[in-house]
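Here's the structure we're looking at; comments come further down.
Just so it is clear, none of the values below were taken in a lab; they were calculated from the coordinates. All values derive from a computational prediction rather than experimental measurement. Positions of Cβ are generated from backbone atoms using ideal geometry, with glycine treated the same way; all protein chains shown enter the neighbour counts.
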Amino acid sequence: MKPWVFSGALAALAATAAFGQDAPKSLLPDVFGAAPPEAPPPPRPADTQADTPGGDTPQQNPDGTAAGLPIAATPATVDPFASGPARAGSFDIAGPLTARLGGYGMGAFEGSDGRFLNGLLQRTRPPLASRWGHIVLRRALLSRVPTPDGVRPADWLAERALLLLRMGEVDGAKLLVDALPLDRYTPRLYAVASQVHLAAADIPALCPLAPNARAFSKLPFWDAANAICAGLEGDDITAAAQFDRLRARRAMPMIDIVLAERAATVVSGEGRGANIDWDEAKSLSAYRFGLAAGAGIAIPEPLLARPSAMLAGWMMRAPGLSIAQRSEAAPIAAAYGIASARELAALAAARIAAIEPGADGEDAIADIRAAYAGRNAEERIAAMRRIWEAAETPQARYGALVRTAAAAARIPPAAAQADDAPELIESMLSAGYIRQALAWWPVLANGPEKARREAWPYLALADSTGRIANGDVGEARDWHGALSGKSADRKGAMFAAAMQALQPGGGWSGLAEDLGVGSLDNRYTRRIASAAVEKRRGEVAILAGIGLQSSWAGVSPAQLSVVVGALNRAGFAREARMMAVEAVTRN
């Protein structure tokens with residue numbers, strides 16, 4: 001084993017590098033380099049489970065979240081110190097999502113080069129532009145699959161867990177690592193697992209790792225972890241001695257030692273835990289977030305303000321944060337694909353139950369309540385509009401659309417609400433309520449011209465039968481011609497690019513050419529096209545993520561066409577359509 005790999009990786013745990021609240025950044029951009037294998041990787045085991053290829057299953061929620069995964073729970077229902085991972089899993093076949101639960105099946109990575117895939121995972125820099133690209137990638141990383149050829153199981157699992165963590169998917173990363181037997185951990189996996197447990201604010205989960213980790217690393221983090229665990233086990237003398245040694249060595253900033261002491265004494269409520277002087281903290285590291293959230297220590301609002309996608313995902317699932325903090329982070333997480341509409345509704349319900357009259361945010365909570373429980377459709381739609389209009393950025397508006405998706409899906413299609421239909425449809429499709437959105441077409445087909453024209457592109461992209469689009473390029477030209485503003489041409493090009501990918505042939509390619517979509521031919525496009533044709537679904541999902549590593553402003557219509565076409569051919573037709581709708585909505 002290579003101790004330098006482990007030490008370099010764990011340096012980030014006690015580091016004070018900022019999360020990147022102003023601009024989403026990866027917490028560990030260059031820490032985990034590709035470790036050379038200690039021995040040739042073993043051959044991939046034969047499939048022992050008769051999972052069929054994954055796809056849209058009844059167990060999935062509308063926005064692609066597997067129903068078998070837990071949604072965000074309220075602090076009252078979660079014990080942050082209940083850590084009991086089963087440790088009965090396998091390294092050779094791992095992942096919580098079977099095909100039944102929305103995973104991609106045992107053959108998802110069959111025929112793929114494991115070293116190539118690991119390199120892709122290391123180079124992927126979340127957040128992705130597309131919410132639906134994030135969802136597709138998350139499910140690939142969580143799928144129950146054998147280790148692909150050419151890579152060690154531990155390295156493959158470490159990269160999967162680390163990318164999930166950087167994506168803000170702390171619950172998924174934890175499900176993955178908690179099932180792995182500790183006796184096969186490598187130094188690299190120790191590093192990743194400890195990062196996962198901190199981000200999940202699961203302090204006791206560090207305790208099975210800490211004693212062995214000390215054999216591989218001299219970082220003071222593990223001294224602090226061993227001291228914390230001694231305190232949690234009631235050995236106050238050992239804990240105090242270890243904390244004293246950390247102080248004497250000045251091995252860590254004082255705030256980090258005090259946080260560790262507070263975490264060690266939180267169960268008993270006694271001992272050396274002192275007040276935290278957050279003035280020392282100019283930034284929030286994973287270590288500080290995890291210990292504070294896990295021990296129920298209030299984190300100052302400025303350190304949580306304007307969270308990155310990753311931090312928003314961690315915040316909304318941290319039981320130690322207030323329900324207000326979690327629900328405020330949730331729409332940010334939802335816009336990036338981390339949170340589902342179902343999770344937003346659950347957090348909103350908890351916030352409604354907890355808010356006091358006159359408290360900050362009472363009006364916003366009242367709007368959420370009215371969006372779901374207003375006396376009639378008009379009242380509910382008016383509340384949704386207030387939620388959408390309160391969003392201050394395009395990203396926030398998309399999060400607001402996801403927040404109201406389930407409420408929009410409950411509005412019955414009716415001529416009286418036809419003028420509101422386009423935005424209701426945008427909201428529904430942001431979270432994958434396809435059937436409910438398409439139900440509006442009979443109302444709109446002979447309804448107000450403006451509403452029909454505005455809703456048509458979204459429904460045409462969402463309709464898998466092709467009957468709404470009906471190859472009608474003229475309708476698309478009319479819609480594009482009615483658009484105004486500087487984004488009109490880009491929005492039209494995104495629509496044409498997606499349609500030519502979803503329905504090759506016909507007149508869509510001509511429309512795409514007229515709108516300047518262009519084409520791409522390079523190593524990336526050839527690789528993702530080949531993987532799609534050969535139905536290497538897991539590889540397609542990862543390559544799609546590679547192609548969406550920026551904001552939407554950095555994704556060209558030609559790139560969108562490549563990714564949507566590959567997803568469609570690989571068996572992700574539903575997700576490809578939702579990504580296409582998202583591209584038109586957000587450009």
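Laid out as a table, the results:
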| read-out | value |
| --- | --- |
| Rounded, prolate or oblate (a/c below 1.5 giving rounded, otherwise prolate when a/b exceeds b/c) for region 471-587 by Cα gyration tensor | prolate |
| About the Cα centre, charge dipole magnitude for region 335-441 (Lys/Arg +1, Asp/Glu -1 at Cβ), debye | 440 |
| For Gly105, distant residues with modelled amide H under 5 Å away | Gly54, Ala99, Arg144 |
| Inter-centroid distance (Cα atoms) of region 384-437 relative to region 474-515, Å | 23 |
| Karplus-derived 3J(HN,Hα), 6.51/-1.76/1.60, for each residue of region 423-433, Hz, glycine and proline x | 6, 4, 5, 4, 5, 4, 6, 4, 10, x, 7 |
| Residue (of Leu483, Val564, Ser509) at the positive-pole extreme of region 471-587, dipole from beta-carbon charges | Val564 |
| Test item: Cα-centred dipole of region 471-587, Lys/Arg +1 and Asp/Glu -1 on Cβ, debye | 460 |
| Under the Karplus curve 6.51 cos²θ - 1.76 cosθ + 1.60, θ = phi - 60°, whole-Hz ³J(HN,Hα) for region 320-336, x wherever Gly or Pro sits | x, 7, 5, 4, 5, 5, 5, 6, 6, 6, 4, x, 5, 4, 5, 4, 8 |
| Residue exposure sequence - Glu426, Glu389, Glu475 - by fewest surrounding Cβ within 10 Å | Glu389, Glu475, Glu426 |
| Where labels lie 7 Å past Cα in the beta-carbon direction, separation of Leu520 and Glu379 in nm | 4.9 |
| Length added when fully stretched, Arg184-Ser550, from 0.36 nm per residue minus Cα-Cα | 128.2 nm |
| Segments 452-459, 157-164 sorted - mean Cβ within 10 Å per residue, highest first | 157-164, 452-459 |
| Hits among aspartates and glutamates - C-alpha to C-alpha of Lys491 under 18 Å, sequence gap 8 or more where chains match | Glu423, Glu426, Glu454, Asp472, Glu475, Asp478, Glu513, Asp514, Glu582 |
| Inter-label distance for Glu389 and Arg306, nm, one decimal - labels placed 7 Å from Cα along Cα-to-Cβ | 2.6 |
| Packing-based ranking, highest mean first, of 431-444, 397-410 given that Cβ atoms within 10 Å are counted | 397-410, 431-444 |
| HN-Hα J in Hz across region 153-168 - Karplus 6.51, -1.76, 1.60, θ = phi - 60°, x for Gly and Pro | x, 5, 5, 4, 5, 4, 5, 4, 5, 5, 5, 4, 5, 5, 7, x |
| Calculated FRET value between Arg214 and Asp363, using beta carbons and R₀ = 56 Å, to 0.05 | 0.60 |
| Length added when fully stretched, Arg125-Ala248, from 0.36 nm per residue minus Cα-Cα | 40.4 nm |
| Relative packing of 311-321, 532-542, which averages over residues the other C-beta atoms within 10 Å, highest first | 311-321, 532-542 |
